[in-house]
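What follows is a single structure, written as structure tokens, with notes after it.
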Amino acid sequence: MWVERLVLVLMWLSGALVLVVFIPSNKRREGALALLVLQAIIWLCDLFAFRYGLLSAPVREFPKATDLSITINYFFYPALFAVFYSRRKEKAGLARRATMLVLWITCLTIFDGLIEQYTGLLEYGKITTYGMWLYLWLLYYTSLSFCDWFFKKRTLFRADRRRVL
Amino acid sequence: MRVDYWILASVYVISAGLIFLIPRDRIRLAVAAFLFKQAITFLIGLVVVQAGLIEYPIREFASVNRTSFSYEYFAFPLMCAYFNVRYPNGRSIPIQLGYYAVYSIVLTVMEVIIETYTDLIEYIHWEWYVSLITIGLSFWITRMFCVWFFAKASD
């Protein structure tokens, strides 16, 4: 049990640290939106994934309130996505961007697999490692598309700014 | 029991209807407010259920989640999106405060009615005024986020 607690605390600390250190100060808004987008999408998808036994979280923060993992879904993976999104090379070619995404997803899958292997925070049910890679890629691709739509037109963004201030 | 499901369905229909009332040129403001509100309700909702303050006997994803998905993930954030796109910007303080009060009171009254007559939500250690205060507070925090988010050029 202490291993899981330690990992959770480390996830919160390192998540906060990467947000502060790796998100450029002029990209804070992009980071914030990216975090919120992945958070919303991963929660919805995980509800289905957990419901249909793809994976489970035997050791978790609020066992009474939910079967899902809160640290991973609510903070850690969204924080990693915020870093990925705010530091992506917008002007790079398609091949370079695709390679970055594949590398990042692969690292994330390995990390997820290690968490599954060595802690009780995650337990794969019907899902395989390849399935998890595809699942993470899908989460990233959906979130990336949404964020790109959101920030696509600066003029529209400014129009909303006039509405709120 | 049956009436509970009808109420749940109508919550979805009415909330979805709100989407069409959001002007297209303010869609980004709505999205930012929706997502940020969701992050608040999502976490507080879990804490409240974990602490045994509120229960949701009839709910979606019942086997894996004990909070109200429809309210915390969908209906309340959408309400907040609408709250922000229609916010009386630049008006006097009493009008702005009144705007907060109307939304908070209407939502609290609806919650109390649903609590009393259905099994969708049950107060265990909870009072209507706690709802009123937390709802009002969450509107305000979300508003502050939106003001920051759209405040000045991000790059």
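The values are calculated or read from the model by the stated rules, or taken from the named source; none is laboratory data. Note that the coordinates shown come from a computational prediction; the quantities given were computed from them, not determined experimentally. Cβ: placed from backbone, ideal geometry, glycine included. Neighbour counts: every protein chain shown. Surface accessibility is based on the protein's heavy atoms, side chains included, excluding ligands, DNA and RNA. Shrake-Rupley method; radii C 1.70, N 1.55, O 1.52, S 1.80 Å.
Things to note:
- Among the residues here, residue A:80 qualifies as within 23 Å of residue A:15 (Cβ to Cβ), open to solvent by less than 50 Å² (accessible area, probe 1.4 Å), touching a helix residue (DSSP H, G or I) at 6+ places or on another chain (Cβ under 9 Å) and touching a residue at least 60 places away in the same chain (Cβ under 8 Å).
- Hits in region A:58-82 (condition: outside any loop (DSSP other than H, G, I, E, B) and of a type in the set (Ser, Thr, Tyr)): A:66, A:71, A:74, A:77
- You will find that of A:141, A:85, the residue that is assigned to a helix (DSSP H, G or I), in contact with a helix residue (DSSP H, G or I) (Cβ under 7 Å, 6 or more places away or on another chain) and under 30 Å from residue B:29 (Cβ atoms) is A:85 and no other.
- When A:75, A:62 are screened for being touching a Leu at 6+ places or on another chain (Cβ under 7 Å) and either surrounded by fewer than 20 Cβ atoms within 10 Å (Cβ to Cβ) or within 12 Å of chain B (Cβ to nearest Cβ) (or both), only A:62 passes.
- Residue in region B:88-120 that is nearest to residue B:54 (Cα to Cα), counting only those that are part of a loop (DSSP other than H, G, I, E, B) and within 14 Å of chain A (Cβ to nearest Cβ): B:88
- Restricting attention to region B:122-155, the residues being within 14 Å of another protein chain (Cβ to nearest Cβ) and aliphatic (A, V, I, L, M) number 6.
- Set B:43, B:21, B:8: member being within 12 Å of another protein chain (Cβ to nearest Cβ), hydrophobic (A, V, I, L, M, F, W, C) and in contact with a helix residue (DSSP H, G or I) (Cβ under 9 Å, 6 or more places away or on another chain): B:43
- Residue in region A:30-47 that is hydrophobic (A, V, I, L, M, F, W, C), in contact with a strand residue (DSSP E or B) (Cβ under 8 Å, 6 or more places away or on another chain), within 22 Å of residue B:40 (Cα to Cα) and crowded, with 18+ Cβ neighbours inside 10 Å present: yes
- Residue among B:121, B:93, B:105 that is touching a Leu at 6+ places or on another chain (Cβ under 9 Å) and farther than 20 Å from residue B:22 by Cβ: B:105
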